[in-house]
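Here the structure is laid out as structure tokens; the discussion comes afterwards.
What follows draws every value from the coordinates through simple rules; no lab data is involved. Note that the coordinates shown come from a computational prediction; the quantities given were computed from them, not determined experimentally. Counting neighbours? That spans all protein chains shown, and the Cβs are built from the backbone with ideal geometry, glycine included.
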Amino acid sequence: MRSIILIILGVVSLLWLSTFGDNEIRSKMEFYSSTAGTFVALGVLMLPLMLAIKFMFSRGENIEPRSVKAQVTVGIVMIASQLVIIAFIPNIIDLYTDIGGKISNAVISNKV
């Protein structure tokens with residue numbers, strides 16, 4: 001059921017986009033795709049932080065707090081992984097912008 005709703009929403013949004021002029025379609029798709037890329041990049045950037053928080057507060061059967069060495073190790077791994085992700089954030093945003101450009105070209109070429 002969810003897939004059918006997503007397909008219908010996609011078709012409706014493409015029909016809505018086809019009512020605009022060519023330059024409006026390009027500007028809207030560039031804005032939406034770069035915004036989506038930014039949100040995805042920020043979500044990916046927050047993933048190591050969330051995993052670190054989950055590790056620090058998951059105690060399982062242990063009631064003892066995590067050792068200082070474990071906390072420092074988790075902090076270093078989190079920061080290192082975030083630095084790697086930061087290096088790839090422009091690529092993620094460019095990927096979404098390219099996808100938006102392809103969608104806008106497809107809508108423009110298939111406009112009635």
To the nearest 10 degrees, the tilt of helix 2-17 (Cα long axis) against the first principal axis of the alpha carbons of the chain is 50 degrees
The size of the Cβ-based charge dipole (Lys, Arg +1; Asp, Glu -1) of the chain about the Cα centre, to the nearest 20 debye, is 240 debye
Taking Cα atoms only, helix 68-109 is inclined relative to the longest principal axis of the chain by an angle, in degrees rounded to 10, of 0 degrees
For Lys111, counting only lysines whose alpha-carbon sits under 25 Å away and dropping same-chain residues fewer than eight positions off, the answer is Lys28, Lys102
So, with points 7 Å from each Cα along the Cβ direction, the Ser18-Leu95 label distance in nm works out to 2.9 nm
Fewest-first ordering of Lys69, Lys102 by Cβ atoms within 10 Å yields Lys69, Lys102
Note, segment 20-25: 3J(HN,Hα) by Karplus (6.51, -1.76, 1.60, θ = phi - 60°), whole Hz, Gly/Pro = x, goes 8, x, 4, 5, 5, 4
In terms of the charge dipole of segment 1-59, which places +1 on Lys and Arg and -1 on Asp and Glu at the beta carbon, the residue among Gly21, Ile8, Met46 farthest towards the positive end is Met46
Summing -39500 (n - 2.57) over every DSSP H run of at least 4 in the chain, dividing by its residue total and rounding to the nearest 500, the 222 nm mean residue ellipticity is -30500 deg cm²/dmol
